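Just below is one structure, and these are the notes that go with it.
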Amino acid sequence: MSRRYQSKRELSYLPNGGKDKQMYVKLKMYTTGSCGQLEKLTNRTKPLHHVQFPARFFHLEHPTEGHILVDTGYATHFRTATSRFPYKLYAILTPIHFSDEQSAASQLQRRGIQPSEIRKILITHFHADHIAGLKDFPNATFLCSRRGYESVRGQSGLLALKKAFIPSLLPDDFESRLSFIEDYAVSQDSSIGQQLAVFETEIYDIFHDGTVVAFDLSGHAEGQMGFLCRAEQRQVLLAADGAWDSAAIRDNSPPMRVTSLILSDRSEYLETLHKLHQFHITQPTVQLIPFHCREVEGLE
């Protein structure tokens, strides 16, 4: 039966809340090309030179839920979508280096994972460099924040472009495959709550077992979500675009003011950056990953 949004009662959880045995996800990071920009724009302590910022997505393998992605990075669809005005301005302002074999679907296939096997895609936010590959995964359901989707839903032309959103990147049946993070169970794990207390927001237990919990990181985009993942060797906080690089988080160093033109709310962005900085100080054993950071190693 066709449905517009997945309702809360349709969400499946693990038996006994997944508390009988602590579970983990396997996590890998992939790079889907890059975009060029002046580094100082993203971190005012950096030099004024041109660098390539990688566009990342993450593959999670859950012991019972199977193959899951966090974002998709760039894909061939981005070139098609930015071939005409006004979306062509996106490609001009953020020129990309991308080849077809770098798409999420191509890279996963080379690892023996077919696009049809991807069960769920967690969307941090709706900027084009994070959603360009959604169409390549026909069996995936989508999960995002309600605030994030409502901020771009129905937008087109220059209004969409101002939010770095290109509507044609969404599959035609996007809404029928969509559910909202806010409809998931709020985490009852006190240890996770204490760990993420600095963010002062609700924490959503995606699989009801503590392996992946979502929380708000708005500022760069409305309703942007971060995910704290429990892998076997470490915890990893996927910080989306809460900062453009790890140095900004370590030093609590904001971008130049001109970037306010592409931020949904500069004051909210600075507050989120400060919270990530505090988390880095108080939780040094957690690997914290901004999606465009060039420092990150050990997960590819």
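The values are calculated or read from the model by the stated rules, or taken from the named source; none is laboratory data. This one's a predicted model, so the numbers in the text were calculated from it and none came from an experiment. Positions of Cβ are generated from backbone atoms using ideal geometry, with glycine treated the same way; all protein chains shown enter the neighbour counts.
Summed over the range 163-208, residues that are touching an Asp or Glu at 6+ places or on another chain (Cβ under 7 Å) and small (Gly, Ala, Ser) total 2. Given the condition hydrophobic (A, V, I, L, M, F, W, C), over 21 Å from Leu69 (Cβ atoms) and touching a Phe, Trp or Tyr at 6+ places or on another chain (Cβ under 6 Å), answer yes or no: does some residue in the range 258-268 qualify? Yes: the range 258-268 contains one or more residues that are hydrophobic (A, V, I, L, M, F, W, C), over 21 Å from Leu69 (Cβ atoms) and touching a Phe, Trp or Tyr at 6+ places or on another chain (Cβ under 6 Å). Screening the candidates Phe215, Phe180 for the property of being farther than 24 Å from Met29 by Cβ and within 17 Å of the chain's Cα centre (by Cα) yields one hit, Phe180.
Of the residues Ala105, Ala81, the single one that is surrounded by 17 or more Cβ atoms within 10 Å (Cβ to Cβ), touching a residue at least 12 places away in the same chain (Cβ under 8 Å) and within 17 Å of the chain's Cα centre (by Cα) is Ala105. Summed over the range 143-178, residues that are of a type outside the set (A, V, I, L, M) and more than 25 Å from Asp265 (Cα to Cα) total 7. Tally up the residues in the range 25-53 that are part of a strand (DSSP E or B), under 20 Å from the mean Cα position of the chain (by Cα) and not polar (S, T, N, Q), please. Result for the range 25-53: 9. For beta carbons closer than 7 Å, sequence separation of 6+ or different chains, a first residue in the range 274-289 that is without any contact (Cβ under 8 Å) to a residue 40 or more places away in the chain and under 16 Å from Asp245 (Cα atoms) and a second that is assigned to a loop (DSSP other than H, G, I, E, B) and polar (S, T, N, Q), the qualifying pairs are His274/Asn252; His277/Asn252. Would you be able to say whether some residue in the range 160-172 is of a type in the set (Asp, Glu) and surrounded by 21 or more Cβ atoms within 10 Å (Cβ to Cβ)? Looking for residues that are of a type in the set (Asp, Glu) and surrounded by 21 or more Cβ atoms within 10 Å (Cβ to Cβ), one finds none in the range 160-172, hence no. Taking the numbered list (1) more than 17 Å from the chain's Cα centre (by Cα); (2) assigned to a helix (DSSP H, G or I) in turn, Thr272 passes all entries but (1). Here Ser116 passes the criteria (1) buried (at least 16 other Cβ atoms within 10 Å of the Cβ); (2) over 14 Å from the mean Cα position of the chain (by Cα) except the one numbered (1). Counting the residues of the range 31-53 that are without any contact (Cβ under 8 Å) to a residue 40 or more places away in the chain and of a type in the set (A, V, I, L, M) gives 2. Of all the residues in the range 218-242, those that are free of Cβ contacts under 8 Å to residues at least 60 places away in the same chain and within 17 Å of the chain's Cα centre (by Cα) number 6. Residue-level check: of (1) part of a loop (DSSP other than H, G, I, E, B); (2) surrounded by fewer than 15 Cβ atoms within 10 Å (Cβ to Cβ), Val258 misses just (1). Residue-level check: of (1) in contact with a strand residue (DSSP E or B) (Cβ under 7 Å, 6 or more places away or on another chain); (2) crowded, with 18+ Cβ neighbours inside 10 Å, Arg234 misses just (2). Out of the range 238-255, which residues are buried (at least 23 other Cβ atoms within 10 Å of the Cβ) and either part of a loop (DSSP other than H, G, I, E, B) or in contact with a strand residue (DSSP E or B) (Cβ under 7 Å, 6 or more places away or on another chain) (or both)? Residues satisfying the conditions are Leu238, Ala239, Ala240, Asp241, Gly242, Ala243, Trp244, Ile249, Pro255.
Per this entry, Lys28 is counted among residues that are of a type in the set (Lys, Arg), modelled with pLDDT of 50 or more and in contact with a His (Cβ under 8 Å, 6 or more places away or on another chain). Scanning the range 277-297 for residues that are in a loop (DSSP other than H, G, I, E, B) and β-branched (Val, Ile, Thr) gives Thr285, Val286, Val296.
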